[in-house]
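First up is the structure itself, then whatever we jot down about it.
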Amino acid sequence: QRASQRRDVFHTSFLTPPIIAEAMLAIEKLADIKAVAQGGYPQAERCRISAGHPDSMRSDPDVVAALSISGNFRLEPCSHGDFLGAILGAGITREKVGDILLQGERGAQVLVDPELVDYLTSTLEKVGKVGVSCTQIPLLAIEYEPPRTKSFKTVESSLRVDAVASAGFKISRTKLGSMISSGDVRVNWSLVSKSGATLKAGDVVSVSGMGRLKVKSITSYCLFE
């Protein structure tokens with residue numbers, strides 16, 4: 001509403017996919033407002049929403065910057081959490097950081113608020129035990145792979161997250177339970193604390209290092225003797 005009245009453009013911090021979807025639906029109901037979600041590359045999960053009067057939004061705002069964090073990670077491989085931890089350890093809040101794209105032993109590419117570029121390039125010196133250099137790169141230099149998908153059907157006795165996800169990721173329920181306890185499993189981008197959490201159609205289950213699955217539909221079966 002402020003954007004419409006002032007004919008100005010307002011930007012959010014980086015948001016998670018479900019919040020982005022809900023926010024865009026809400027913004028669509030407002031008159032004389034244009035909105036765009038940007039995360040730096042086409043498949044970005046965490047995005048910033050820019051909203052403003054159409055006269056002020058003739059081009060997409062420059063609200064995302066890309067950084068390359070490079071080092072020799074061959075002997076000391078680092079995870080998504082390691083890179084995020086190093087950034088947060090530098091005093092940056094989570095909402096200022098977008099996606100983190102791992103590049104194996106080369107390091108990672110990170111999407112951030114442009115206001116943080118100078119600070120991070122001058123202060124970020126280590127990820128885990130590995131010394132790193134942090135430099136800004138063009139958004140066009142981001143390396144990403146289009147998602148690979150496949151569909152499957154499974155018959156389970158319940159809709160518990162450990163039952164459905166173990167079938168989808170082809171791992172034991174015991175191992176999945178351990179991953180839940182370690183904070184490596186999310187449902188709709190929120191951490192799962194219990195293996196017995198119930199899923200419903202449309203839910204997205206993410207497992208660190210393994211990908212994600214979406215519950216497309218659920219069919220109930222009755223057995224008679």
- [ ] Provide a single number: the residues in the range 119-157 that are within 30 Å of GLY202 (Cα to Cα) and touching a residue at least 24 places away in the same chain (Cβ under 8 Å).
- [x] 7
Task: Matching option when the condition is outside the structural domain of ASP82 (by the TED database) and in contact with a helix residue (DSSP H, G or I) (Cβ under 6 Å, 6 or more places away or on another chain), among VAL192, VAL204, VAL127 - done: VAL192
Task: Yes/no for PHE83 being farther than 27 Å from LEU15 by Cβ and of a type outside the set (Ser, Thr, Tyr) - done: no
- [ ] Could you list all residues from the range 110-129 that are among the β-branched types (Val, Ile, Thr) and touching a Gly at 6+ places or on another chain (Cβ under 9 Å)?
- [x] VAL110, VAL112, THR123, VAL127
Task: Subset of the range 112-163 [open to solvent by less than 40 Å² (accessible area, probe 1.4 Å), among the aliphatic types (A, V, I, L, M) and in a loop (DSSP other than H, G, I, E, B)] - done: LEU124, VAL132, ILE142
Open item on the list: Test of understanding: among GLY209, GLY168, which residue is part of a loop (DSSP other than H, G, I, E, B) and within 23 Å of PRO18 (Cβ to Cβ)?
Closed with: GLY209
Task: Any pair with Cβ under 6 angstrom, 6 or more apart, that starts in the range 18-35 at a residue that is closer than 15 Å to GLY202 by Cβ and ends at one that is surrounded by 11 or more Cβ atoms within 10 Å (Cβ to Cβ) - done: PRO18/ASN188
- [ ] For SER190, work out the one condition from (1) modelled with pLDDT of 90 or more; (2) loosely packed, with under 15 Cβ neighbours inside 10 Å it doesn't fulfil.
- [x] (1)
Open item on the list: If I go through the range 88-111 residue by residue, how many of them are open to solvent by 70 Å² or more (accessible area, probe 1.4 Å) and either of a type in the set (Phe, Trp, Tyr) or closer than 15 Å to THR135 by Cβ (or both)?
Closed with: 1
Task: Of all residues making up the range 35-77, the number that are open to solvent by 70 Å² or more (accessible area, probe 1.4 Å) and outside any loop (DSSP other than H, G, I, E, B) - done: 1
- [ ] Count, please, the residues in the range 3-34 that happen to be in a helix (DSSP H, G or I), open to solvent by less than 70 Å² (accessible area, probe 1.4 Å) and among the β-branched types (Val, Ile, Thr).
- [x] 2
Task: Evaluation of LYS216 against (1) without any contact (Cβ under 8 Å) to a residue 24 or more places away in the chain; (2) open to solvent by 90 Å² or more (accessible area, probe 1.4 Å); (3) in a loop (DSSP other than H, G, I, E, B); (4) of a type outside the set (Ser, Thr, Tyr) (one fails), failing number - done: (1)
TODO: Residues being crowded, with 17+ Cβ neighbours inside 10 Å, part of a loop (DSSP other than H, G, I, E, B) and either among the aliphatic types (A, V, I, L, M) or in contact (Cβ under 8 Å) with a residue 60 or more places away in the chain (or both): count how many of those fall in the range 171-187.
DONE: 0
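The values are calculated or read from the model by the stated rules, or taken from the named source; none is laboratory data. Predicted model only: the values in this text are computed from it and were never measured. As a convention, Cβ positions derive from the backbone with ideal geometry for all residues, glycine included, and neighbour counts pool all protein chains shown. In case anyone asks, the SASA skips ligands and DNA or RNA and just uses the protein heavy atoms, side chains included. Shrake-Rupley method; radii C 1.70, N 1.55, O 1.52, S 1.80 Å.
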